[in-house]
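The values are calculated or read from the model by the stated rules, or taken from the named source; none is laboratory data. As the structure is a computational prediction, the values presented were derived from the model and not from experiment. All Cβ positions, even for glycine, are placed from backbone atoms using ideal geometry, and neighbour counts span all protein chains on display. To get the accessible areas, we keep the full protein, side chains included, count just its heavy atoms, and leave off ligands, DNA and RNA. Shrake-Rupley method; radii C 1.70, N 1.55, O 1.52, S 1.80 Å.
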Amino acid sequence: MALTTGVFSSGRAELQERTLRTDRWWLQPLITVLVLLSFVVYATFRAFEGKNYFAEPLISPFYSPCLSTECVDGASLIGQPFGKIVLFGLTLSPALFILVFPLGFRLTCYYYRKAYYRSFWQSPPACAVAEPHKKYTGETRAPLILQNGHRWFFYIGLLFNILLTIDAVLAFRDAEKHWGHMSVGTLVLLANATLLWLYSASCHTCRHTIGGRLKNFSKHPVRYKAWTVVSKLNHYHPNFAWVSLFGVAFADLYVRLVAAGTITNFYFF
Amino acid sequence: MARKIKLRIWRGSAKEGSLHDVEVDANEGEVVLDVIHRVQATKINDLAVRWNCKAGKCGSCSMEINGKPRLACMTQMANFEEGETITITPLRAFPVIKDLVTDVSFNYQKAMEVPAFEPPADLKPGQARMAQVDVDRSQEFRKCIECFLCQDTCHVIRDHEENKKKFAGPRFFIRLAELDMHPLDILRNRKKTAQEEHGLGMCNITKCCTEVCPEHIRITDNAIIPMKERVVDVKYDPVRWLGSKIRRREEIS
């Protein structure tokens, strides 16, 4: 049934087209769908795979911290509080205990919201292109009102960043746990942790928490200075969102290839 | 050197209308508004178009050019390729008055609904002082020329007429943010009313308002998202809520 609201409402300029844009407005949402879907497929496969996530001293970011008794020896940095859980005959992989947190952080992220509302939900697909939905309530009702919980995922995300940074530091060891070595894997984990810190530090919630919520910048010069720095980073938040996403996937892939014996982790020293 | 330009201009009223093909000259350096004026002078004398400063500062000549909300006076003809037909329509989020002129009174109604700046009662005229760092943040929002392109492109009302009752739109979210960030504004519950009465929660931050703003105001990043975070402080964050009850903090009002 044809829509009779929005740009087709009575009183507005009588036109049949959803949009009169002549540029390739559909390209950006299409690319977003393809890239995000590729990541989701890869991440789902890896989360359920439950193996090839640890090769001393490297651990995949999808499996860190490894909290289950199912974790392989040496992979658990902060203990194994969870026992073996079997659902529908399948043993839950250690990744499934933790992935909800980074997933929640990205899902509620102000930038990713823009990206998936436009590309997946087509609300709107692009600016000045009529969306296909008859009704729209935005983020005022469940489940989308839960987007307001972004800050909780941000705080938990900081804990993950700390743990993944420790993982990167621990990667300055060799396979026999001797310190003072560096491999390609060390650089991969370091790059991953750095990108995740940049993604978190440029986050809108971080900007708000660190100083944006103040009414008087002049009364809080240190927080104001911090706010200006985060504001500069915030400008590049979409870039960090994408690059850190690729970084996580690449770090996981690298560890997987090393753990599976497909490639050797080259040591510089 | 003049070149021939093909235009498709929407003509009509609130009841009916259609696109009309017109061919007209365009000189080097001209903008779309110049060409529309030439159409008015030589082809369609009664073509209705709203304009004023021709300098991108009055916000009058808002219209949609090839489907994009733009200021006609700031859209260079050089942007269009040789032989390209340029489609010009009125803003598609508002009712038409005639041809390219729309009725934007919705925005004036919403402006009246925003509670005004409220300084402390004991602040006498001439006593108000503000540090430059506090002025800077809201100064960005004062650049708004009220062209209403952000309101036009916002899908919340563009695509859903029924939302107009409960949604103020990006132009007024920057006004709310400007007031809420003002060190001397003491009006309580501005954040809550932004969410509950002005429809801040309807915004799904898809950033079209920022994309079309001719003043390059970072509407979403600097006004809407900060306001959303401030709303979370008072409505959806139990820790902050508890903190505000135990210890009055200047920023939670």
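Right, A:Cys127: touching an Asp or Glu at 6+ places or on another chain (Cβ under 7 Å) and not polar (S, T, N, Q) or not?
Yes: the conditions hold for A:Cys127.
Select, from A:Phe153, A:Phe172, the only residue that is within 14 Å of chain B (Cβ to nearest Cβ) and open to solvent by 20 Å² or more (accessible area, probe 1.4 Å).
A:Phe153
Looking only at the stretch A:181-199, filter to residues that are among the small types (Gly, Ala, Ser) and in contact (Cβ under 8 Å) with a residue 60 or more places away in the chain; which one of those is farthest from the other protein chains (Cβ to nearest Cβ)?
A:Ser183
Can you list the helices (runs of 4 or more DSSP H) lying wholly within the stretch A:17-135 that have 2 or more residues being within 20 Å of the chain's Cα centre (by Cα) and within 29 Å of A:Ala171 (Cα to Cα)?
Correct list: A:27-49, A:100-107.
Of all helices (runs of 4 or more DSSP H) completely enclosed by the stretch B:38-154, which ones contain at least 3 residues that are open to solvent by 20 Å² or more (accessible area, probe 1.4 Å)?
Correct list: B:105-113, B:132-142.
Please pick out the residue among B:Ile205, B:Ile174, B:Ile186, B:Ile157 that is closer than 29 Å to B:Pro120 by Cα and open to solvent by less than 30 Å² (accessible area, probe 1.4 Å).
The unique qualifying residue is B:Ile174.
Which number in (1) within 28 Å of A:Val230 (Cα to Cα); (2) over 16 Å from the mean Cα position of the chain (by Cα); (3) part of a helix (DSSP H, G or I) marks the one condition that B:Asn163 misses?
All conditions are met except number (1).
Let me spell it out: the conditions are (1) over 24 Å from A:Phe120 (Cβ atoms); (2) in contact (Cβ under 8 Å) with a residue 60 or more places away in the chain, and B:Ile157 meets all of them except one. Which number is the exception?
Here B:Ile157 meets the rest and fails (1).
Restricting to the stretch A:1-33, count the residues that are within 11 Å of chain B (Cβ to nearest Cβ), touching a helix residue (DSSP H, G or I) at 6+ places or on another chain (Cβ under 7 Å) and touching a residue at least 60 places away in the same chain (Cβ under 8 Å).
4
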